[in-house]
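Please read the structure below before turning to the comments.
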Amino acid sequence: MAAKHLLYFTSQQVSVFQWMGGTLSLDKILSANEEGAAAFGEYASVRTSSLFYILADLVEEDFSQENLPAVRGKDRRQLIQRKLAQRYRDTSLALSLSLGFEKIGDRREEQILFSSFTNTQQFQPWLEVLRAQSARLVGIYSMPLVAPLVGKKLELKGSEYLLISLEGAGLRQTYVQNGQIRFSRLGNADRSDPQAMAETCAAESSRIHQYLVNLRVIPRTATSLDAIVLVPQRYKEQYQAACKSTANLRFRILDLNEASGVSKLKRAPEESEAEALFLHVLAGAQPAAQFATDDLRRFYHLWRAKIALLTVGAAAFMFCMLLSGLKLIELYNVNQDAALDMRQETVSAQQYARMQATFPQTPAPSEKLKVIVDNYDVVLAQPNSPEPMLVMISRALAAVPQIEIERIDWSVNAAYKKDAPKAATPASKSTPAAKAGPAGVERESAQISGRIISGQNNDYRAITLIVDQFAAALRTQPGIEVVSRQLPFDINAQKALSGDIGATRQAEIPRFTLVLSKREVQ
C-alpha cells in the first residue's frame with residue numbers, strides 16, 4: 001500500500017503530515033513561500049512512490065450559489081465553464097458543485113455552488129515541485145469540502161448543521177445541508193484567552209446563522225440549527241460555559257479526543273487541533289470534488305491505471321488458478337472412477353471365468369461356434385434360403401438309409417443368358433460347374449458329400465446301386481437335377497477298373513459326392 005503524505009496549507013506555513021493505518025504523524029513544518037517549496041522538493045524527491053494530498057485552510061476561498069438552466073452533457077459543461085470564467089479571474093483552481101434541482105414556474109433549474117481560491121499564486125511553487133518530481137497528486141481540497149465527510153464520520157444526525165472547528169488557521173464555521181457544503185467562513189482565534197475565544201465562537205455562530213437567514217439559505221421559519229463545536233479537550237469547559245443553546249442554535253461541544261475515537265483516528269500530533277481530524281478523514285475517504293485539474297493529477301491517474309491493470313491481472317491469474325484447481329480435482333475424480341471401473345472389470349472377469357468353468361462342454365470350440373453363428377446371420381440376410389433344398393434332400397435320404405451325409409455345400413448361381421445342356425453321366429472324379437435352366441432364371445446348387453454304410457465295402461456294383469438309388473430319389477423332388485456324381489472308384493469303360501478300396505483299405509468306408517441343381521419353380 002502506498003504511503004500517504006498530506007500538505008496542510010495555511011497563510012503562514014505548510015505542515016507536511018504522513019498518514020498510515022489511522023496514524024497521523026507530523027514530518028515537516030515549512031514556510032509558505034518559495035524557500036519552503038524548495039525544501040519540500042527535497043522531501044518529495046525521495047518519496048516518489050507516495051501519494052500526496054493538499055488540504056488548504058485559507059481565508060481566500062470564495063463560495064457563490066447560482067441557478068442555471070437544467071441542461072446536460074456538453075452544454076452543461078460549457079455553461080459552467082463560462083460562469084466560472086465570468087466570476088473568477090483565474091479558474092485553474094475552481095470547481096462547481098451541484099446542490100440539486102428546483103422547479104421555478106414552468107422551468108426546471110439546477111442549483112450550482114461555485115468555489116475557487118482568489119489567490120492561486122501561493123500554490124504554484126508547490127505544484128511545480130510536485131510536477132517536476134512526477135509526484136502522484138491525488139487532489140487539492142479545502143476544509144469546507146471535507147466538512148461533510150467529517151460530519152458523516154462523527155455520525156452527526158440531522159439533514160443540516162453548522163460545524164465549528166478550532167484549527168491551526170483559526171476558527172472555521174461551515175454550514176452543511178443534506179450532506180453538501182453550502183457556506184464556510186474562516187475567522188481569527190486568539191488562543192491566549194480561551195474564555196474570550198469561546199465567547200467569540202458563540203457570537204460568530206449567531207451572526208453566521210443570521211447571515212444565512214438573510215441569504216435565504218436557511219428559512220426564517222426554520223427550527224433551531226444544530227451547531228457542533230470541535231475543540232481540544234483542554235478548552236471544552238470554557239466553550240460549554242460560553243456556548244449556550246438559543247432558539248436559533250443548539251450547541252453541542254465535542255472534544256477532539258472523543259471525535260478521534262468515533263472517527264477511528266488512532267494517534268495524532270499532540271500540538272495539532274481539528275485539522276488532524278480533517279486530514280485523517282481526507283486520507284481515509286477523499287471527496288470526489290477537488291480543485292486540481294487532470295494535468296496536475298496525471299501521474300496519479302497513471303498510477304491508478306497501473307494498479308487497475310495489476311488488479312485485473314491478479315484476478316485473472318487467480319481465476320485461472322481456481323479453474324486449474326477445479327480441473328485437477330475433476331481429473332483426480334475421473335482417474336479414481338477409472339481405477340474403480342478397472343477393478344470392477346477385473347472382478348467381473350474373474351466372476352465370469354468362474355461361472356464359465358461351470359458350463360457344460362460344447363462339442364465344438366467357442367471360436368468355431370462364433371464363426372458358424374456369423375455365417376448363419378449372413379445366410380439369414382440373403383433373399384434365398386437353403387431350407388427347401390435341404391427338405392428335399394432329407395426326403396431322398398429317407399428312401400436310402402445306407403447313405404450318411406457328411407457335408408452339404410449350398411449356393412445360389414447367377415442367372416444364365418442362354419440355355420445350358422443337360423448333365424451327362426459323370427466320367428471322372430472332377431466336379432463340373434452346374435449349368436442348367438433357361439436364361440434369366442436363378443438356380444440353387446448343392447454339393448453333397450457322404451459315405452455309404454454297407455457290409456460289403458468292396459462290392460462295386462452294390463455301392464454304385466446305392467448311389468444311383470439316392471440320385472433317383474433326389475430326381476423325384478420337384479425341380480431337382482443331379483448334375484454330376486463322384487464315386488470312390490473309376491468306372492470309365494476305356495480304362496481298367498480301378499479304385500482305392502483294395503485289400504489294404506478294406507476297413508475304410510466308401511465315400512461319394514453328388515452335385516445337385518434346383519431351378520426356381522414358377
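Read the figures in this text as sums done on the coordinates, not as results from a lab. These numbers were taken from a predicted model, which means no experiment stands behind them. Cβ sites come from the backbone with ideal geometry, for glycine too, and all protein chains shown count toward neighbours.
Quarter the surface of the alpha carbon convex hull of the range 300-359 and you get the mean projected area, 3.8 square nanometres.
Each label was represented as a point 7 Å from its Cα along the Cα-to-Cβ direction; for residue 385 and residue 221 these points are 11.1 nm apart.
Label separation (residue 407 vs residue 348): 4.1 nm, computed from points 7 Å beyond Cα along the C-beta direction.
Once you reduce the range 340-411 and the range 268-309 to the center of their Cα atoms, the two points are 93 Å from each other.
Pairs of alpha-carbon atoms within less than 8 angstrom and 6+ residues apart define the contacts here; what relative contact order does the chain have, in percent? Provide the component values of the computation, followed by the final result.
Details: 802 pairs, mean separation 56.8, N = 522.
Normalised by residue count, the contact order of the chain is 11 percent.
Each Lys and Arg contributes +1 and each Asp and Glu -1, all at the Cβ; summed about the Cα centre of the range 63-169, the dipole is approximately 400 debye.
Along the axis of the charge dipole computed for the chain (Cβ charges of +1 for Lys and Arg, -1 for Asp and Glu, origin at the Cα centre), the listed residues 50, 121, 479 are led at the positive end by 479.
By the scheme Lys and Arg +1, Asp and Glu -1, what is the net charge of all other residues having a beta-carbon under 14 Å from that of residue 211? Display every interim value, and only then the final one.
Numbers: positive: 182, 185, 207, 216, 220; negative: 204.
Around residue 211, the charge tally is +4.
Its residue count N fixes a reference of 2.2 N^0.38 Å for the chain, and the Cα radius of gyration divided by that reference is 2.46. Only the Cβ atoms of Lys and Arg (+1) and of Asp and Glu (-1) were treated as charged; on that basis the dipole of the chain about its Cα centre amounts to roughly 1320 debye. Using Cα atoms only, what is the angle between the long axis of helix 194-214 and the major principal axis of the chain, expressed in degrees (0 to 90) to the nearest 10? The angle comes out near 70 degrees. Each helix, a run of at least 4 DSSP H residues, gives -39500 (n - 2.57); summed and divided by the residues of the chain, these come to -12500 deg cm²/dmol at 222 nm. Helix 298-357 and the long axis of the chain differ in direction by around 30°, with both axes built from C-alpha atoms. Rounded to the nearest 20, the Cβ-based charge dipole of the range 169-307 about its Cα centre (Lys and Arg +1, Asp and Glu -1) stands at 600 debye. Per residue, the Cα convex hull of the range 78-169 amounts to 169 Å³. Multiplying the residue separation of residue 371 and residue 109 by 0.36 nm and subtracting their alpha-carbon distance yields 84.6 nm.
Its residue count N sets the reference 2.2 N^0.38 Å, and the alpha-carbon radius of gyration of the range 37-196 equals 1.22 times that reference.
Just want the answer: with Cβ charges of +1 for Lys and Arg and -1 for Asp and Glu, which residue in 352, 319, 338 is farthest toward the dipole's positive end in the range 300-359? It is 319.
What percent do you get for the relative contact order of the range 1-149 when only Cα pairs under 8 Å and 6+ apart count?
Numbers: 244 pairs, mean separation 40.7, N = 149.
Dividing the mean separation by the residue count of the range 1-149 yields 27 percent.
Taking the charge dipole of the chain about its Cα centre, with +1 at Lys and Arg Cβ atoms and -1 at Asp and Glu Cβ atoms, the residue from 263, 39, 402 reaching farthest to the positive side is 402.
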